[in-house]
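Data first, discussion second: the structure below is written as structure tokens.
The values are calculated or read from the model by the stated rules, or taken from the named source; none is laboratory data. Note that the structure is predicted; figures quoted are calculated from it, not measured. Cβ placement follows ideal geometry from the backbone for every residue including glycine, while neighbour counts extend to all protein chains displayed. With ligands, DNA and RNA removed, areas are computed over all heavy atoms of the protein, side chains included. Shrake-Rupley method; radii C 1.70, N 1.55, O 1.52, S 1.80 Å.
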Amino acid sequence: MERPAWAPPGIDISVPSVSRIYDYYLGGSHNFEVDRQAARRAMEFMPGLPKIMQANRAFMRRAVRYAVDQGVTQFLDIGSGIPTFGNVHEIARAASPEARVVYVDHDPVAVAHSRAVLTGDDHADIVAADLRKPQEILAAPEVGRLLDLGRPVALLLVAVLHFLEDADDPYAAVAGLRDALAPGSLLILTHASYEGIPLTEEVAAGTVGVYRDIRNPLVMRSGAEITRFFDGFELVEPGVVAMPNWKPDGADGSAAAAADGDPADSGAAEDPYAFSGFGGVGRKA
């Protein structure tokens with residue numbers, strides 16, 4: 001297996017990674033054949049996976065613009081993945097040039113490419129850390145340098161919590177982060193669910209099995225279970241909903257996601273798969 005020149009030293013290119021699979025779904029180029037094989041196997045059961053990921057990205061961008069509109073210009077994006085066009089710092093700075101962003105991921109490829117993208121950027125950085133250890137994230141020097149936790153922060157947990165099993169106690173991880181945030185902070189969250197998928201649960205479970213086989217279990221939680229992550233936050237209208245239904249373009253006065261110039265956003269909400277899973281935003285009182 002030929003090793004791409006961009007692959008960081010020490011990366012085992014024979015082992016699939018969820019962040020690189022996600023990159024493949026979005027049409028990115030920073031993935032290996034083993035990632036593409038896993039993605040294609042998952043798509044045999046759920047062919048609309050790319051549309052779900054596009055809806056996820058479009059939701060994230062609307063939520064970031066909403067945060068800036070609410071006066072929040074500090075962002076902590078955990079599980080940020082491999083940089084693609086229209087990242088959090090790009091969307092935030094289009095609305096507020098002074099926006100500060102700290103990305104967090106535990107995938108070495110995602111970290112390496114984020115560092116390359118952010119070289120020379122004084123208002124954004126990347127931390128190599130795991131959501132399962134929130135205190136390590138909060139104690140990271142990059143967080144201390146860029147974010148003032150005494151002021152509101154937008155915490156992004158976008159398409160990451162469904163990779164934490166119940167044994168990882170994901171609710172405690174979110175609570176640990178919540179308790180470190182100032183009043184007025186926002187939680188921006190998306191999560192996979194069997195609810196809304198235009199397939200039977202038995203068929204959709206085939207995709208879950210693919211992720212289990214690559215040792216990255218995908219935990220499909222109900223809408224009620226996902227809403228529990230917002231304990232301690234006041235939900236922003238319209239609450240926890242299918243991602244295209246959260247303040248669709250124009251509902252919050254923001255520009256359309258397609259205006260960012262990313263073709264991956266185009267038409268995502270028109271596909272029934274885009275309404276799979278949930279997204280929401282909460283505000284800490």
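Hey, in the GNM for the chain with a 10 angstrom Cα cutoff, which one of R20, R151, R61 fluctuates hardest?
R151
With bins 5 Å wide starting at 0, give me the P(r) of the stretch 1-146 over every alpha carbon pair, in whole percents.
2, 10, 17, 20, 20, 16, 9, 5, 1, 0
Counting just the Cα atoms, what span does the stretch 1-57 cover along each of its three principal axes? Round to the nearest Å and put the largest first.
33, 22, 13
Within the chain, which is the longest segment that contains none of the GluC sites (Glu not before Pro) sitting in a DSSP loop with at most 10 other Cβ atoms within 10 Å?
Here the longest segment lacking exposed loop sites spans 99-285.
I need the phi-derived Karplus couplings for the stretch 228-237: 6.51 cos²θ - 1.76 cosθ + 1.60, θ = phi - 60°, integer Hz, Gly and Pro marked x.
The phi angles translate into 4, 5, 8, 4, x, 10, 9, 5, 7, 4 Hz.
Please report Rg (one decimal) and Dmax (integer) in Å for the Cα set of the stretch 179-231.
Answer for the stretch 179-231, Rg first and Dmax second: 14.6, 43 Å.
Can you work out ³J(HN,Hα) from phi for every residue in the stretch 217-225, in order, using Karplus 6.51 cos²θ - 1.76 cosθ + 1.60 and θ = phi - 60°, giving whole Hz and x for Gly and Pro?
x, 9, 9, 8, 9, 6, x, 5, 5
Where the accessible area of the chain is counted over protein heavy atoms with a 1.4 Å probe, how much of it, in %, is carbon and sulfur?
52
Whole angstrom only: what separates the Cα centroid of the stretch 111-141 from the Cα centroid of the stretch 201-222?
28
Per q in 0.14 Å⁻¹, report the Debye log10 I(q)/I(0) for the stretch 160-202, using one uniform scatterer on each alpha carbon and no solvent.
-0.48
Only one of the listed values, (i) 15.9; (ii) 16.7; (iii) 13.8, was derived from the coordinates as mean projected area of the Cα convex hull in nm²; which label is it?
Given (i) 15.9; (ii) 16.7; (iii) 13.8, the structure-derived one carries the label (iii).
Using just the helices of the chain, give the 222 nm mean residue ellipticity in deg cm²/dmol: DSSP H runs with n ≥ 4 each add -39,500 (n - 2.57), and the total is spread over all residues, rounded to 500.
Calculated at 222 nm, the ellipticity per residue is -10500 deg cm²/dmol.
On average, how much accessible surface per residue is there in the stretch 71-147, in Å², for a 1.4 Å probe, leaving out ligands, DNA and RNA?
With the other protein chains kept in place, the stretch 71-147 gives 40 Å² per residue.
As a test of reading the structure, rank S222, S14, S185 by solvent-accessible area (1.4 Å probe, protein chains only), most first.
Per-residue accessible area, sorted high to low, gives S14, S222, S185.
Just flag the trypsin sites (Lys or Arg not before Pro) in the stretch 148-217 sitting in loop per DSSP whose Cβ has no more than 16 other Cβ atoms within 10 Å.
Within the stretch 148-217, the qualifying trypsin sites (Lys or Arg not before Pro) (loop, at most 16 other Cβ atoms within 10 Å) are R215.
Mind grabbing the accessible area of H123 for me, 1.4 Å probe, Å², rounded to tens?
Taking all protein chains as shown, H123 has close to 40 Å².
Using just the alpha carbons, could you tell me how many Å³ per residue the convex hull of the stretch 45-93 encloses?
Cα convex hull per residue, to the nearest whole number: 82 Å³.
Between Rg and the Kirkwood Rh of the stretch 142-233, both from Cα atoms, what is the Rg to Rh ratio?
1.05
Might you work out the accessible area of K51 for me, using a 1.4 Å probe with all protein chains in place, and round it to the nearest 10 Å²?
Here the accessible area works out near 60 Å².
Direction-averaged shadow area of the convex hull around the Cα atoms of the stretch 19-101, nm²?
Quarter of the Cα hull surface area: 5.5 nm².
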